[in-house]
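This report concerns only the one structure given below.
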Amino acid sequence: MSDNKKPVAVQAVKGMNDILPPDSARWDWLEDKVRALMRRYGYLNIRTPIVEPTALFVRGLGEVTDIVEKEMYSFEDSMNGDHLSLRPENTAGVVRATIEHSMLYDGGKRLFYIGPMFRHERPQKGRYRQFHQVGAEALGFAGPDVDAELILMCRALWQDLGLKVGEDVRLELNSLGQPAERLAHRQALISYLEQHADALDEDARRRLHTNPLRILDTKNPAMQALVEAAPKLMDFLGEESLKHFNAVRAVLDGAGLPYRINPRLVRGMDYYNLTVFEWVTERLGSQGTVCGGGRYDTLIEQLGGKPAPAVGWGLGIERLLLLVQEVGAQPAPVVPHAYAVVPSHAALPQIMATIEALRAQGVSVLMHPGGPDGPTGMKSQFKKADASGAAFALVFGESELAQGVVAVKPLRGGGEQVLRSLTDVSAWSATLLAP
Ligand code: ATP
Ligand code: MG
């Protein structure tokens, strides 16, 4: 490096964001709510690798899906040539782990994850290349109760986050039936679309024989009328599929959860059957889907496991936080309980031993006594104590230290300063926790 050349600062990859304080407190808050929710419903945490064999996603999600066709970060391991991908979603990874560790040998499992996903999309508000999902997966359960449970869990989370269900966020529901029913519908759909071939856009023409169901999901306004009048999958569902759908609906009705049946809701992965749903909002522009999920009874078998049903959902943390920031609850600001004001470095051993004892009692304590040459003035330390939002200053003045005490000074809303023993902190630490 030459003397007069400043090194160029390295920047984060486009579409991949740093999550910094104080904003990261919102993430902690949301994740705490999620963990508490999962405990209430009996879902246990699973953590799978961020990198998986590319084949997992090609086989799991389907070759002709947006994700596999154009959104995956795939690469060859330079050491051994393995084909790997950053996970674009985590249902396939969870299923792989479930199979690999024979997790369903003694019955169904309720699992959840929180973590980063990667998709090479055009970055914009609510759409990033590294984003984060919370997901819940119930594996080995066939009944409609579990579909409904997963949907009701989402509602409980929205409520915990101060969102108005039905207003800030709405439920859309559909049934995709079983593979044979989809096949019959698919044939009817293809012949309908073939009859209107000249009205199809390029994307639709390309998908006509590979993934015609996805054409129904088009965002092209010119094709809306055509898509509206297309054969509806709902009309091809057999008795069993309708029974499952109606049972899910009955639970939601009984729980007073409103929803809209959206026959065009098909979801972006091929693995879904029966129940599919999305939670949508009008408040985030075109990035309106906060959470999506459904049943995937064939995926476990498709990935080489013993056939077992499953159902789950995934939600986008960034979108949810954007929504909460606009219309939801505000997390309480993170402030320390106490701020230590330090007169001299000579007293640091005694002061820091006291602070450690307080922290062991659950009291959060901050201090910034200044640089290597000794503490800054008391006045400037008191200013910092005030700015920290702490309820108390712990003033370790020299005369107090000599008497074996610290002065506890309330910083908000008055109250008398009191002297407390340095050695017996457990006798008074609780007064700092609940002022
Ligand atoms: P979209 O239609 O908006 O692309 P999707 O159907 O691809 O969403 P899913 O694969 O169902 O999304 O993922 C579940 C959730 O993850 C979405 O509802 C959304 O909240 C979030 N999500 C998906 N892709 C992104 C992204 N690139 N950036 C931020 N959040 C995302
Ligand atoms: Mg997408």
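Coordinate-derived values only; no laboratory data. Just so you know, these numbers come straight off a predicted model, no measurement behind them. Every residue, glycine as well, gets a Cβ built from its backbone with ideal geometry; the counts of neighbours run over all protein chains shown.
Annotations
- The chain: most fluctuating residue of VAL335, VAL64, VAL146 per GNM, C-alpha cutoff 10 Å: VAL335
- Debye, to nearest 20: dipole size of the range 138-231, +1 on Lys, Arg Cβ, -1 on Asp, Glu Cβ: 220
- Choice from HIS209, HIS185, HIS120 with maximal GNM fluctuation in the chain (Cα, 10 Å cutoff): HIS209
- Computed over the chain, relative contact order equals 15 percent, with contacts defined as Cα pairs under 8 Å that lie 6+ residues apart.
- DSSP beta bridges in the chain [antiparallel fraction, %, rounded to 5]: 80
- Fewest-first ranking of MET38, MET378, using other Cβ atoms within 10 Å as the exposure measure: MET378, MET38
- Overall, the range 338-432 carries a charge dipole of about 280 debye about its Cα centre when +1 sits on the Cβ of Lys and Arg and -1 on the Cβ of Asp and Glu, all other atoms neutral.
- With helices as the sole contributors, the chain gives -10000 deg cm²/dmol at 222 nm; each DSSP H run of n ≥ 4 counts as -39500 (n - 2.57), and the sum is divided by every residue.
- Dipole of the range 25-125, positive direction: furthest Cα of PHE112, VAL51, ALA36, with charges on the beta-carbon: ALA36
- The range 338-432: antiparallel DSSP beta bridges as a percent of all, rounded to 5: 55
- With a threshold of 24 Å on the Cα-Cα distance, the over-threshold entries among LYS379/LYS409; LYS70/LYS219; LYS125/LYS232 are LYS125/LYS232.
- Per DSSP, loop GluC sites (Glu not before Pro) in the range 42-84 with at most 13 further Cβ within 10 Å: GLU63
- Within the same chain, aspartates and glutamates fewer than 8 places from LYS109 are excluded, and of the rest, those with a Cα less than 18 Å from its Cα are GLU100, GLU137, ASP145, ASP147, GLU149, ASP297, GLU301.
- In terms of other Cβ atoms within 10 Å, HIS132, HIS345 run from fewest to most in the order HIS345, HIS132.
- The trypsin sites (Lys or Arg not before Pro) of the range 35-73 that DSSP puts in a loop, and whose beta carbon has at most 15 other beta carbons within 10 Å, are ARG47.
- Geometric extent, Cα atoms of the chain - Rg, Dmax (angstrom): 28.2, 94
- Given R0 = 56 Å, the distance between the Cβ atoms of LEU44 and ASN4 translates into a calculated FRET efficiency of 0.45.
- Ranked list, fewest to most other Cβ atoms within 10 Å of each Cβ, for VAL395, VAL251: VAL251, VAL395
- Part-to-part distance (alpha-carbon centres) for the range 270-320 and the range 37-108, which is given in Å: 14
- For the range 338-432, the alpha carbon convex hull comes to 92 Å³ per residue, rounded to a whole number.
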